[in-house]
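Structure first, then comments.
The values are calculated or read from the model by the stated rules, or taken from the named source; none is laboratory data. Predicted model only: the values in this text are computed from it and were never measured. Don't worry about glycine lacking a Cβ; one is built from the backbone with ideal geometry, like all the others, and counts go over all protein chains shown.
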Amino acid sequence: MAQESIKPKGKFITFEGGEGAGKTTQAKLLCDALQGAGVETLLTREPGGTFGAEAIRDLVLEGTKDRWSGMTELLLMYAARLDHVEKLIKPALERGVWVVSDRFADSSLAYQGYARGLGADKVKAVHSAVMDGFGPDLTILFDIDPILAQKRVETRGEELSRFDSESIAFHNVLRDAFLEIANDESHRIFTVDAAASRDGVHTRILYAVTQKYPELAGKLGGSA
Ligand code: TYD
């Protein structure tokens, strides 16, 4: 008979949303809070997270807007994602580590499926062929007005990626797409108002995590 694993598996939490919504800062804050509660965590990102997936990241984020067709872009994202899941995410979860990823598959559905116009059906078909049922336990969607988000991106003063330089219309489609996905997957996706203050957003995220995992209530700090 197979030996039952003694250590419980980790949880997989993803952060999603458009550009300039503050996901990266908030992902770090959540990992710190989880670690403070004695939960071993791993912070990662997409596209990227492993050596091979980071090489693919450079291919998809650099260059002109029309460097790749929508389908090529999607396949590159999924090539990166599979490497990430197989080599980093699943082994960490097996060890009992909680994994927080700055973006995952909902980004492919929103960006390539809706904003780039490939269609949700094609993205979902590739997703199920490649991911084989694997997915996040909890997703935090950062919702923000694209005009406000663009101002944040500009004040960061970083080099713009192929996606940052898209029009406000593109980012509006993206926002609606993410909200539709959140509506369809309301059991998994918790939407936060990303226009709120840094501490306000963090508090909402701790609330979402403790709703999902009541065993963490009172341990995560903050006023959640
Ligand atoms: P990044 O600089 O990490 O953006 P952000 O800080 O907003 O997360 O760049 C990632 C870009 O890749 C972002 O514009 C969204 C895009 N992307 C897709 O188009 N499809 C995907 O599946 C993923 C994971 C990201």
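Candidates are the residues of segment 57-115 that are at pLDDT 95 or above and basic (Lys, Arg); the one that is surrounded by the fewest Cβ atoms within 10 Å (Cβ to Cβ) is 95. Look at (1) within 26 Å of residue 215 (Cα to Cα); (2) in contact with a Leu (Cβ under 7 Å, 6 or more places away or on another chain); (3) not hydroxyl-bearing (Ser, Thr, Tyr) and you find that residue 74 fails only one, number (1).
When residue 163 is tested against (1) outside any helix (DSSP H, G or I); (2) more than 24 Å from residue 64 (Cβ to Cβ); (3) of a type in the set (Phe, Trp, Tyr), only condition (2) is not met.
Between 113, 38, 10, the distinction of being touching a residue at least 12 places away in the same chain (Cβ under 8 Å), over 26 Å from residue 214 (Cβ atoms) and not in a strand (DSSP E or B) belongs to 113 only.
When you look at residue 144, is it among the aliphatic types (A, V, I, L, M), under 22 Å from residue 19 (Cβ atoms) and within 16 Å of the chain's Cα centre (by Cα), yes or no? Before the answer, list the steps.
Numbers: among the aliphatic types (A, V, I, L, M): yes; under 22 Å from residue 19 (Cβ atoms): yes; within 16 Å of the chain's Cα centre (by Cα): yes.
Yes.
Exactly one residue out of 25, 41 is within 11 Å of the ligand (Cβ to nearest atom) and farther than 20 Å from residue 111 by Cα, and it is 25.
Just the residues that are among the charged types (D, E, K, R) and away from the ligand (no atom under 11 Å from the Cβ), please, taken from segment 64-82.
Of the residues in segment 64-82, the ones among the charged types (D, E, K, R) are 65-67, 73, 81.
Once the filter is applied, which keeps residues that are among the charged types (D, E, K, R) and away from the ligand (no atom under 11 Å from the Cβ), segment 64-82 yields 65, 66, 67.
Inspect segment 60-67 for any residue being polar (S, T, N, Q) and assigned to a loop (DSSP other than H, G, I, E, B) and give the result as yes or no. Yes, the conditions are met somewhere in segment 60-67.
Quick check, is residue 144 away from the ligand (no atom under 12 Å from the Cβ), of a type outside the set (Phe, Trp, Tyr) and buried (at least 21 other Cβ atoms within 10 Å of the Cβ)?
no
Here residue 128 does not fit the description of being within 11 Å of the ligand (Cβ to nearest atom) and either assigned to a helix (DSSP H, G or I) or crowded, with 20+ Cβ neighbours inside 10 Å (or both).
Summed over segment 156-183, residues that are among the β-branched types (Val, Ile, Thr) and within 14 Å of the ligand (Cβ to nearest atom) total 2.
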